[in-house]
1. May I ask you to derive the relative contact order of the stretch 76-213, considering only C-alpha pairs under 8 Å and at least 6 residues apart, and to give it as an integer percent?
2. If the only charges are +1 at each Lys and Arg Cβ and -1 at each Asp and Glu Cβ, what is the size of the charge dipole of the stretch 83-171 around the Cα centre, to the nearest 20 debye?
3. What is the gain in length, in nm to one decimal, between TRP211 and SER80 on full extension, counting 0.36 nm per residue of separation less the C-alpha to C-alpha distance?
4. Just rank GLU128, GLU195, fewest to most, by other beta-carbon atoms within 10 angstrom.
5. Tell me, how many Å apart are the Cα centres for the stretch 127-165 and for the stretch 189-215?
6. How far, in nm, would the chain grow between ASN98 and GLN203 when pulled straight, counting 0.36 nm per residue and subtracting the alpha carbon separation?
Amino acid sequence: MSKEAWLFLFAATSSIGSIAQLLQFLGVKLPMMRSAPSPTRPNALGRVVFLALLSLVLSCIGFYQTIGASAVATLVQFVSFVPAKGFPPHIGEPIALNITAANTGPLPNAEDVVMASDVLLHAPMSPEEEEHSYTSWKTTARKSLPIDLTTVSPDFATRLTPPLTERDVKDIADGRLLVYMFGFITYHDPRGNHETQLCRYLQPPADQLLWHFCAAGHNRTR
């Protein structure tokens, strides 16, 4: 268990105890609670109130560290893949997709956002081959210039395959050739640096936009 989780448990337990002591001091009887003599010193009430409030603050800090922190990072994702040309696949035309990335919040701004994406034709790959192909592509991918991405200003790029041959169209329809989509986004927000990855392929015969996740993964934000 992380130190933040231990802090949360300790503070929450202390808070419950201090608040119960305060209620008992004020004469409020709680179920399953034994009677205890009330503090007799003049500053006893102030001390109990202070301890209760301190414990409550500590429990809030622990809650933020263990639960709230994961919700603070702004989520920048690829949100849509709209055909711009060549869908369904046609001889002599490329397959072109408008690939859109957006800041979906909760924070209003993500900084230094750099994106890369591509549409590739490849024979069906095993998970190991997908991993190698994605990793190799990522090292040489064409990256965008850094921008700040707000929740009201998504950004997109059009990515194209080479023009399809008659053989390409037939192989795509028969599943011997798959349309892969690779992508990644790096960005910064108050919680640090993050990366979103994208790896999907179009279900044969590619006459509908049915995307599957790559078996190798690479569909996450961290």
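1. Rounded, it is 31 percent for the stretch 76-213.
2. 280 debye
3. 46.0 nm
4. Neighbour counts put them in this order, fewest first: GLU128, GLU195.
5. Answer, in whole Å: 10.
6. Contour length minus Cα-Cα distance gives 36.0 nm.
Bear in mind that the values in this text are calculations on the coordinates, not laboratory data. Computed from a predicted model, the values in this text were never measured in an experiment. Using ideal geometry, Cβ is built from the backbone for each residue, glycine included, and neighbour counts are taken over all protein chains shown.
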